[in-house]
1. Only one residue in 487, 419 is in contact with a Leu (Cβ under 8 Å, 6 or more places away or on another chain), crowded, with 16+ Cβ neighbours inside 10 Å and polar (S, T, N, Q), so which one is that?
2. Name the single residue, out of those in the stretch 423-450 being more than 24 Å from residue 131 (Cα to Cα) and among the small types (Gly, Ala, Ser), that is nearest to the chain's Cα centre (by Cα).
3. Only residues that are over 19 Å from residue 46 (Cβ atoms) and touching a residue at least 40 places away in the same chain (Cβ under 8 Å): list them for the stretch 57-82, please.
4. Have a look at 254, 263 and point out the one that is over 20 Å from residue 194 (Cβ atoms), among the aromatic types (Phe, Trp, Tyr), surrounded by 19 or more Cβ atoms within 10 Å (Cβ to Cβ) and in contact (Cβ under 8 Å) with a residue 24 or more places away in the chain.
5. Test of understanding: among 229, 234, 206, which residue is out of contact with any Leu (no Cβ under 8 Å at 6 or more places or on another chain) and more than 26 Å from residue 172 (Cβ to Cβ)?
6. Could you list, in sequence order, all residues of the stretch 519-558 that are free of Cβ contacts under 8 Å to residues at least 12 places away in the same chain and closer than 27 Å to residue 214 by Cα?
7. Could you list, in sequence order, all residues of the stretch 384-440 that are of a type in the set (A, V, I, L, M, F, W, C), in contact with a Phe, Trp or Tyr (Cβ under 9 Å, 6 or more places away or on another chain), within 30 Å of residue 346 (Cβ to Cβ) and not in a loop (DSSP other than H, G, I, E, B)?
8. Is it the case that residue 298 is in contact with a Cys (Cβ under 6 Å, 6 or more places away or on another chain) and in contact (Cβ under 8 Å) with a residue 24 or more places away in the chain?
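The values are calculated or read from the model by the stated rules, or taken from the named source; none is laboratory data. Computed from a predicted model, the values in this text were never measured in an experiment. Note: ideal-geometry Cβ built from the backbone for every residue, glycine included; neighbour counts use all protein chains shown.
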Amino acid sequence: MKSFQKVFSLVFITVLLSIMVACQASKEDASTDSDSSSDEDGSITFSVFDSDANPDWENMESPVGKKIKEDTGVTLEPEFDMEGGQTKIPLMVASGEYPDLITSKGASQLVEAGALIDLAPLIEEHAPNIKKMLGDEINRMKWSKEDPSIYVLPNTAVDNEAMTPGFAALVQHDVVKELGYPEMKTLEDLENVISEYYKLHPEIDGQPTIPLTLQSDGWRFQASTLNSGFMMTGASDDGEYYIDPETYEATLHYRRPVEKEVYRWYNQMNTEGLLDQESFVQKHDQWLAKLSTGRALATIAPDYMIYDAQNALRDAGKYERMYGFYPITLNEGYKHTAYQSNGFQVGWGIGISVDCEDPVRAIKFLDYLVSEETQIMLNWGIEGEHYNIVDGKRVIPEDEWEKRRNDKDYLKKTGIGYNFQRFAPRYGDGVEDSTGQTYTVNTRELAIEGLTDVEKEVLKNYDAELWKDLYPTSEEFPVKPWGAAYNLAIPAGSTLEVTNKRMIDITFKRIPEAILADPEEFDNVWEQFMDDLDKAGVEEAEEEYTQIVKDIVELWSE
């Protein structure tokens, strides 16, 4: 009997050990297959989905990238998306599988699917730098009246005073120089300038001159040509809706009668042969190429869209073909609102997914990115390599400035700039650190110093030092209590979301038709546009959106 018991015990122990080994192997396999992984030395890799493209990503092999890995033990494996997440985020939701971190341009689908965790307790316990940076603005990050959780950490600038206007009519320096620096305030002024210069120079560098070209590639069509409707008529950027500052009533902005006159102006430009005939069929790269060669006299766009073209012209030494930023409006009765403050912008940013195995490590990493030391590094670089300390102040050597201004791969080589700033909030231009120096290098003095001689000459003739000097200041407008309406969450799969998509499709069809129509047909096309919006349910959408705006104003004021 004792012999049998010994044999049974040995068999039982052997089986138990086998089960334990198998379980451990299963755990190890699961860890290997997981998006996030941690090594014995304490390092960890986080997978990231980013809804924006990033041609400057340097695989964390730049000096700044290596320092971040050294400080945190964190390696990021990002996937960048050209489509703003419009296709891939729904696919994630359908599969129920998510990367560790997700940056989105509106997280409604993710929140509705339960894909993101509540960041509020993590921030409270593990993120002192985030709490310091945002202060009371954290209140704006609450998702809704019904659900006050925090799902998204915005990746916007805090207290930013941008040195470059965010939206403009962009006109070549040579155009205004040759014409004696004419007044540049209204659409009529813009038309006169373009027309006169075009008659004098039908060709530039042996190629046909393009008087005015427009951006029409996907979402960029909205951010440039379509947004000009409200930017040129005294309204601020709230996406597809105009928000009444007194009543918070939302109106699809194309339904404002005054905007019709902006698009009528485009129609007039087309009729006079001053509009690029490829404006509504060209892709982003084609639009950029036309600007980069210097043969397009003007365009309408936000500042970030033309950086590559400006740099290409600078690199080619075509300083007179670079573009100035002008606050053009329909007439002088309107103020350009490029500098109206939204307050702290929320809605777009980064969240931690339910599939992240170490959310505490993740929030600590994001908190590291907003610390004072890291914020300085992300803007200035590594001390002794990209800047020096002289008499207690950070100073960038002239040869390094030359690289910053002229090397199109500078951000990729160094890791400085938006490479890592895109993953967390950041201090904006003009904000000072604990030493009284600005976090960013975009001070007024340095911005002036970075201008080309041609730019300085043009600005001087318009009695300005920077392009922002031509614009109404932020002090001339109230801070918007609803922030930027395009950031507000719309329930995923809701009637409003479906209606908005339908109305955007209608707009993408009808606006080009109206601009390209014979002048006598313009009003008929526009009337058809309005009828289509009515049938799509625009009035019901406006009512729903109005309630969302009112609810968020109430939530943020608590």
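1. Working: 487 fails: in contact with a Leu (Cβ under 8 Å, 6 or more places away or on another chain).
Result: 419 is the single residue among 487, 419 that is in contact with a Leu (Cβ under 8 Å, 6 or more places away or on another chain), crowded, with 16+ Cβ neighbours inside 10 Å and polar (S, T, N, Q).
2. Looking at the filtered set, the residue picked out is 447.
3. Within the stretch 57-82, 63 is the sole residue that qualifies.
4. Working: 263 fails: over 20 Å from residue 194 (Cβ atoms).
One residue alone meets the criteria, 254.
5. Working: 229 fails: more than 26 Å from residue 172 (Cβ to Cβ); 206 fails: more than 26 Å from residue 172 (Cβ to Cβ).
It is 234.
6. If the condition is that a residue be free of Cβ contacts under 8 Å to residues at least 12 places away in the same chain and closer than 27 Å to residue 214 by Cα, then 520, 521, 523, 524, 527, 531 are the ones that fit.
7. Result: 411, single match.
8. On the way: in contact with a Cys (Cβ under 6 Å, 6 or more places away or on another chain): no; in contact (Cβ under 8 Å) with a residue 24 or more places away in the chain: yes.
For residue 298, the condition - in contact with a Cys (Cβ under 6 Å, 6 or more places away or on another chain) and in contact (Cβ under 8 Å) with a residue 24 or more places away in the chain - is not met.
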